[in-house]
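Colleague: Sharing a structure here in structure tokens format.
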Amino acid sequence: MAQKTFSPTWESVKTHSLPQWYDDCKLGIFIHWGLYSIPAWAELTWELGAAPSENEWFKHNPYAEWYLNTIRMEDSLAHKHHNETYGSDFPYEKFADSFTCENWNPDEWAKLFKQAGAGYVVLTTKHHDGFCLYDSQYTDYNTVNMGPKRDLTGELTKAVRAEGMRMGTYYSGLLDWTTYPYPTYGNIKEDYNRTYAFADYSLNQATELIDKYSPSLLWGDIGWPEKGIENLPWLFSHYYNNVPDGVINDRFSCDWYDHSTAEYLLGTRSLSKKWEMCRGLGLSFGYNMCEGDDTVLSSRDLVRLLVEYVSHNGNLLINVGPRADGTIPEIQASRLRDLGAWLEKYGDAIYGTRIWEEKQKDTLENGAEVFYTRNGADLYAIIDNLPDGMDKVILPICSQELHVERYSNYPVPVKLEGYF
Ligand code: GLC
């Protein structure tokens, strides 16, 4: 069949449909890596959505990738930390000299992500600090010209594809702190980057990413410059024509997207349109050296989140925050390996499944919780929090007593073959 061609109109772009691979593979790995991975510091405050106010959120921001913004606030603890550690005359851009990634082996990363059971990987090619992890012709502030002198995006794309996974590009199209010397406290859409020149910059770079890497996910963040919104039908059609089975998320300030996103407690989750949860293993996306077992999810809780989201029509894009030298802290790597071991055993209840429209969850009298997924004619009831010592359940949907395997304290599926 001839490949469909998209034209640069909303009408045409909106005929794109969600590719099956995205709904089937359920799990992606997000990577926040950049100059902020050097200071790797943020307060351990709240999950996104739990701060008492926007002002408080930004001043005590737990996102280590927001370091530059937080140190610009003179009364913040991050500002104090920065001055004490690096000196008050040390500009953020200077971190580029020591961002050398000397222990980075992209093949090892790709193997770990594969082992975790992921189907796709998304890398921050440019985060809000404006530093690019690829060879952009539109700025010298990038990793090929500075720091490691390597095309991090290109090398990782190759390694990820060699493991049979898909590669996506995160790109911060609206926020770019190189154009704006003041801290953000909120109202981002109102006072940011309102020039045509900046809108063109973002359009050029997003196009560059598509042309260089054909990413399977065009992952936008926060929004798109107001003056460039009229270009989006062109950008999206260019993308779909190059990557027909690509996906676009819902952070481009327009009403077209292949899937919505949720982030910790915020965002959109829907049973009728595919969504994706992105979050860190702890409170931050970028590596925060202050995080430990108190804030990082346990492996069990990570599995539980995946199960919960998949039963409710979501994917999980779980974030890894590598160190500046290119190594992944063991506290994060161990969570990924444990998740992979669980998926290796119970992946049939996750991969390729769809939601059961009628019911997603039950809570039993003994306190156990049940999440449902459907695979063709089979129904999976994934049991969590079964009281200690028990290995049987009776579900509200079936009178027969069912045996539940124990796998430490992790959720475990029971298959109801031919239920439908
Ligand atoms: C956000 C944050 C950010 C993080 C991201 C991931 O909106 O600004 O630091 O990259 O979303 O979803």
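Colleague: Collect the residues in the stretch 344-372 that are touching a Leu at 6+ places or on another chain (Cβ under 8 Å), assigned to a strand (DSSP E or B) and not aliphatic (A, V, I, L, M), keeping them in residue-number order.
Modeller: Those that are touching a Leu at 6+ places or on another chain (Cβ under 8 Å), assigned to a strand (DSSP E or B) and not aliphatic (A, V, I, L, M): D362, Y372.
Colleague: Can I ask one more? Please pick out the residue among S334, S311 that is touching a residue at least 12 places away in the same chain (Cβ under 8 Å), farther than 25 Å from H127 by Cβ and out of contact with any strand residue (DSSP E or B) (no Cβ under 8 Å at 6 or more places or on another chain).
Modeller: From the options S334, S311, the qualifying one is S334.
Colleague: What is the one condition in (1) assigned to a strand (DSSP E or B); (2) free of Cβ contacts under 8 Å to residues at least 12 places away in the same chain that G28 does not satisfy?
Modeller: (2)
Colleague: Among Y407, Y372, which is surrounded by fewer than 18 Cβ atoms within 10 Å (Cβ to Cβ), within 27 Å of A116 (Cα to Cα) and modelled with pLDDT of 95 or more?
Modeller: Within the list Y407, Y372, the selection yields Y407.
Colleague: Same structure again: Please enumerate the residues belonging to the stretch 169-181 that are touching a helix residue (DSSP H, G or I) at 6+ places or on another chain (Cβ under 9 Å) and touching a residue at least 60 places away in the same chain (Cβ under 8 Å).
Modeller: Passing the criteria: G173, L174, W177.
Colleague: Moving on. Taking the stretch 225-268, which residues are within 13 Å of the ligand (Cβ to nearest atom) and not in a loop (DSSP other than H, G, I, E, B)?
Modeller: Selection gives S260, T261, A262, E263, L266, G267.
Colleague: OK, next. Could you list, in sequence order, the residues of the stretch 1-16 that are assigned to a loop (DSSP other than H, G, I, E, B) and touching a residue at least 40 places away in the same chain (Cβ under 8 Å)?
Modeller: Answer for the stretch 1-16, where residues must be assigned to a loop (DSSP other than H, G, I, E, B) and touching a residue at least 40 places away in the same chain (Cβ under 8 Å): Q3, K4, T5, F6, S7, P8, T9, K14, H16.
Colleague: Could you run through the stretch 170-185 and say how many residues are within 17 Å of S76 (Cβ to Cβ), more than 10 Å from the ligand (Cβ to nearest atom) and either within 19 Å of the chain's Cα centre (by Cα) or buried (at least 20 other Cβ atoms within 10 Å of the Cβ) (or both)?
Modeller: Final tally of qualifying residues: 1.
Colleague: Here's a follow-up. Inside the stretch 32-67, can you point out the residues that are outside any loop (DSSP other than H, G, I, E, B) and either surrounded by fewer than 24 Cβ atoms within 10 Å (Cβ to Cβ) or away from the ligand (no atom under 11 Å from the Cβ) (or both)?
Modeller: Within the stretch 32-67, L35, S37, E54, N55, E56, W57, F58, K59 qualify.
Colleague: Note down all Cβ pairs under 6 Å where the first residue falls in the stretch 45-63 and is closer than 22 Å to G321 by Cα, the second is of a type in the set (S, T, N, Q), and they're at least six residues apart or on different chains.
Modeller: Within 6 Å, the pairs are K59/S76; H60/T45; N61/T70; P62/T45; P62/S284; Y63/S284.
Colleague: Another question about this same structure. If I filter the stretch 197-224 down to residues being in a strand (DSSP E or B) and in contact with a helix residue (DSSP H, G or I) (Cβ under 9 Å, 6 or more places away or on another chain), which single residue comes out as farthest from the ligand (Cβ to nearest atom)?
Modeller: Looking at residues that are in a strand (DSSP E or B) and in contact with a helix residue (DSSP H, G or I) (Cβ under 9 Å, 6 or more places away or on another chain), I get L218.
Colleague: While we're here: Conditions: (1) under 24 Å from Y192 (Cβ atoms); (2) surrounded by fewer than 18 Cβ atoms within 10 Å (Cβ to Cβ). G130 meets all but one. Number of the miss?
Modeller: Here G130 clears every test but (2).
Colleague: Those residues that are of a type in the set (D, E) and closer than 19 Å to Q332 by Cβ, I need them from the stretch 7-49; list them, please.
Modeller: Once the filter is applied, which keeps residues that are of a type in the set (D, E) and closer than 19 Å to Q332 by Cβ, the stretch 7-49 yields only E47.
Colleague: Would you be able to tell me the number of residues in the stretch 68-80 that are surrounded by fewer than 18 Cβ atoms within 10 Å (Cβ to Cβ) and either in a loop (DSSP other than H, G, I, E, B) or within 11 Å of the ligand (Cβ to nearest atom) (or both)?
Modeller: The total comes to 2.
Colleague: Between Y171, Y182, Y120, which is touching a Lys or Arg at 6+ places or on another chain (Cβ under 7 Å) and at pLDDT below 95?
Modeller: The unique qualifying residue is Y182.
Colleague: Further, regarding this structure: I'm trying to understand the selection: among the residues of the stretch 269-281, which are within 16 Å of the ligand (Cβ to nearest atom) and of a type in the set (A, V, I, L, M)?
Modeller: Result: M277, L281.
The values are calculated or read from the model by the stated rules, or taken from the named source; none is laboratory data. All values derive from a computational prediction rather than experimental measurement. FYI the Cβ positions are ideal-geometry reconstructions off the backbone, even for glycines, and counts take in every protein chain you see.
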